[in-house]
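In what follows, a single structure is set out as structure tokens and then discussed.
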Amino acid sequence: MKLKVLAAAIVFSIGSLAVDRILFYGIVFNFPNEMEWDTSPWYNFLSKRRNIEFQESEKGVLVVGSSVALYSVFPDGMFPTDSFARTGSARAEFYAHPSMSPSDFYFYKEDIASKNPTAVVYVFNPADFQLEYIKKKESKLYFDEVKYFQDSVEARHQNRLLYPQSFLRERWREIGTLSKSNLQDFLVRSLLFSVRLRSFFYDPFVAWYMHRFRLGRSYHYYTGIIPDNGIYLRGWAKPKFEIECEIDGTSLKDSFFLHRPDAKLAVFRVGRAEPIWERRYEKPGWHKLDIEFSDRPKTVRLRFETDTSVSSDEVDSRIFGREEIYGIRLSQNFCRKDFRRDISYRRIESLDDSRLTDMNSREYDEDYDLRLYKNQEEEGALNRLKTVRKSKELLSASDSYLEWSEMKYLRKTVSFLKEKGIRVVLINSPENPLERGTYENGVWYKGYLQFLGSLKSQGVTFHDASALISDKRGFLDPHHLTYRAALEATRYYSEWVRDDLSL
């Protein structure tokens, strides 16, 4: 009887693992991914890295990092076509996700090496070294390793969702000292994908469903055709705009959102005086657009005009500091016939970014403070930026260089990749002059640069790009670049990487 129970338990366990690893994992990562930029970051990272494959005939470059890298580099621009005579078949791919720290980079090192890249370009900022854990006690600065480890075990997504098995394998004794339940949790997460991925398992399915049955009305960022005068990331357009629409057969069927009641929308075919669609809508909300074209054009240029506008402060006061004026909100894939796949790492230029370029210095400073640092005791989403700024102030007053576990992890990762024959390019990314000035002349920051410089060797290079973008209007916040500033940074990075790797 005992043998039957044991055999049944073994069969059940094997069956569960088979369902988990073959059926569950296979379904979730083979389903079409139609999610947009910066959406469901953990799913998109796992999906992206799973599909990275460099051919033996090409020089593969992985751009590694946090959102600092995602907002600083365009991998497609690293090796432009006009430089192919020099680079051969070189190709760069993102290996990045939000909040990637040097310790995350360390735990990914084996997977990175398995992609057989020619080189790894690690783009980072001091904030990636977890500056929020810098503390001061009795006039002495220290990095709170205990609190950082506890958060890594109990709350940090990367350790719990992306590499629990590697983290458990290396630090199981320490995990166990916190509690047995933590140890059990990491063991289960290491064995079962269904437990590890359940928080974002439904994301690609929900996106697919929303696109087809909810007309793209529920989304994070816009993916449609961009109007001539731009689009805000969340799909809001200006009160008047022109756009080149793709036509499916003889009609344009889409939807749009009006924030106010008693609003009129008129649609003109560019070049004609009379509107081809004109309605006044008594109620706010989503409305359908259905316009017929007897000449069956493949594309048509249209002008949209609404007589009612709305302030960004009324729609969502957290997004901007200075007020922006919206017209209508477009459905996610507005004027585009098909929903595209695998675009989650493709960034678009938006009015969220370009609005900053049009500001003068005073306007930018006002907008910056309102967006990032208003309501000092509130705005939970921005608390990390406030904490990091305070940490920079503490470091600026330090009379010595402080090093902690994140630096040690970076040193070990660089050494590992070098031993594997993978070239490493380290780039200390641009930082907003408003923030960099807080601590760049201090002893700690100079020691930080010396530490990075000490990693240089045969096969490892370092570039300090902290002052590369001198115009503060090129920054969305302390260390994320606007679209245009990222284009500029990419041009420099491209030259550095090609020189460093002799491509």
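A Cβ distance below 8 Å, combined with a sequence gap of six or more or placement on separate chains, defines the contacts here; from the stretch 19-35, residues that are over 18 Å from Asp203 (Cβ atoms) and at pLDDT below 75 reach residues that are open to solvent by less than 80 Å² (accessible area, probe 1.4 Å) and outside any helix (DSSP H, G or I) in the pairs Asp20/Leu192.
Scan the stretch 458-488 for residues that are among the aromatic types (Phe, Trp, Tyr) and open to solvent by 40 Å² or more (accessible area, probe 1.4 Å) and the total you get is 1. Elements of the type helices (runs of 4 or more DSSP H) sitting completely within the stretch 412-503 and holding at least 1 residues that are hydroxyl-bearing (Ser, Thr, Tyr): these cover 443-454, 483-500. Only a single criterion out of (1) of a type outside the set (Gly, Ala, Ser); (2) touching a helix residue (DSSP H, G or I) at 6+ places or on another chain (Cβ under 8 Å); (3) over 21 Å from Glu349 (Cβ atoms) is not satisfied by Glu58, namely (2). The helices (runs of 4 or more DSSP H) found entirely in the stretch 54-153 that carry 3 or more residues being aliphatic (A, V, I, L, M) are 67-70. The condition (being touching a residue at least 24 places away in the same chain (Cβ under 8 Å) and touching a helix residue (DSSP H, G or I) at 6+ places or on another chain (Cβ under 7 Å)) is satisfied by just one residue among Leu265, Leu233: Leu233.
Considering only the stretch 44-82, state which residues are closer than 17 Å to Asn125 by Cα, among the β-branched types (Val, Ile, Thr) and either surrounded by fewer than 20 Cβ atoms within 10 Å (Cβ to Cβ) or within 10 Å of the chain's Cα centre (by Cα) (or both). Matches in the stretch 44-82: Val68 only.
Looking at Arg260, Arg234, Arg272, Arg296, which is the one that is at positive phi, open to solvent by 10 Å² or more (accessible area, probe 1.4 Å) and assigned to a loop (DSSP other than H, G, I, E, B)? Write out each step before concluding.
Working: Arg260 fails: at positive phi; Arg234 fails: at positive phi; Arg272 fails: at positive phi.
Matching residue, one of Arg260, Arg234, Arg272, Arg296: Arg296.
Only residues that are under 22 Å from Asp500 (Cα atoms), of a type in the set (D, E, K, R) and more than 26 Å from the chain's Cα centre (by Cα) were counted in the stretch 422-463, giving 1.
Of the listed requirements (1) modelled with pLDDT of 95 or more; (2) surrounded by 14 or more Cβ atoms within 10 Å (Cβ to Cβ); (3) out of contact with any Leu (no Cβ under 7 Å at 6 or more places or on another chain), Arg214 misses just one: (1).
The values are calculated or read from the model by the stated rules, or taken from the named source; none is laboratory data. For clarity, every value in this text was computed on a predicted model and none was experimentally measured. Note: ideal-geometry Cβ built from the backbone for every residue, glycine included; neighbour counts use all protein chains shown. Calculation scope for accessible area: heavy atoms of the full protein, side chains included, ligands and nucleic acids excluded. Shrake-Rupley method; radii C 1.70, N 1.55, O 1.52, S 1.80 Å.
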